[in-house]
Every structure is written in structure tokens, then in C-alpha cells.
1. Where residues in region 41-50 are part of a helix (DSSP H, G or I) and open to solvent by 70 Å² or more (accessible area, probe 1.4 Å), which of them is nearest to I3 (Cα to Cα)?
2. Only one of these is of a type in the set (A, V, I, L, M), buried (at least 18 other Cβ atoms within 10 Å of the Cβ) and part of a strand (DSSP E or B): L15, L38. Name it.
3. Inspect region 57-73 for any residue being in contact (Cβ under 8 Å) with a residue 12 or more places away in the chain, surrounded by 14 or more Cβ atoms within 10 Å (Cβ to Cβ), of a type outside the set (D, E, K, R) and touching a strand residue (DSSP E or B) at 6+ places or on another chain (Cβ under 8 Å) and give the result as yes or no.
4. Just to be sure I understand, how many residues within region 24-35 are over 11 Å from the mean Cα position of the chain (by Cα) and either within 17 Å of I66 (Cβ to Cβ) or surrounded by fewer than 15 Cβ atoms within 10 Å (Cβ to Cβ) (or both)?
5. May I ask you to list the residues in region 18-35 that are part of a loop (DSSP other than H, G, I, E, B) and touching a residue at least 24 places away in the same chain (Cβ under 8 Å)?
Amino acid sequence: MKILTILTLDINPSLKLSLNYKNEVVKAEGLNEDGKKLLKEENFKGDDLEDAIEEIVESVVEKGYITEEDNHI
């Protein structure tokens, strides 16, 4: 499947999401140790971008990387 968009998220964990023309995640990479650790626990492949971002935010809040009060994503 062709990659149309690459999105990087640097909120620690740092992630790189590769998306197809339907905005579905076809590949997710951890760009730092926390990102790699998150991807061992979570799988975003096949998710649409909105769902993947929602899951990432929930996961980083749950793990204490950011708080709901400090969430300005």
C-alpha cells in the first residue's frame, strides 16, 4: 500500500505514523525509547488517523507522560 502522508508526534513518546490515501495507519514507528515501548503495547496499524491520535492521547495520559490538565494537543 502506498504511503501518502507521514505524521510525527513529539509529545514523548515520539512516534512516526505513515498513512495511506484513506488516512489509515499503515506503519507506526517509535522514534525514541518511550515510543518503541508504547508500540509494543499498542497497535495502531489499520486505524484511521483520528482513532489512532485518540488512542495515543489516552495512552500517554494513562501512563503519566501528560496530564489531562496539561493536555494541549
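The values are calculated or read from the model by the stated rules, or taken from the named source; none is laboratory data. From a predicted model like this one, the values you see are computed outputs, not experimental measurements. All Cβ positions, even for glycine, are placed from backbone atoms using ideal geometry, and neighbour counts span all protein chains on display. The accessibility values were calculated without ligands, DNA or RNA, using every heavy atom of the protein model including side chains. Shrake-Rupley method; radii C 1.70, N 1.55, O 1.52, S 1.80 Å.
1. E50
2. Just a single option satisfies the conditions, and that option is L15.
3. No, region 57-73 has no match at all.
4. Total meeting the criteria: 3.
5. Keep residues of region 18-35 that are part of a loop (DSSP other than H, G, I, E, B), which gives 20-23, 31-32.
Result: K22, N23.
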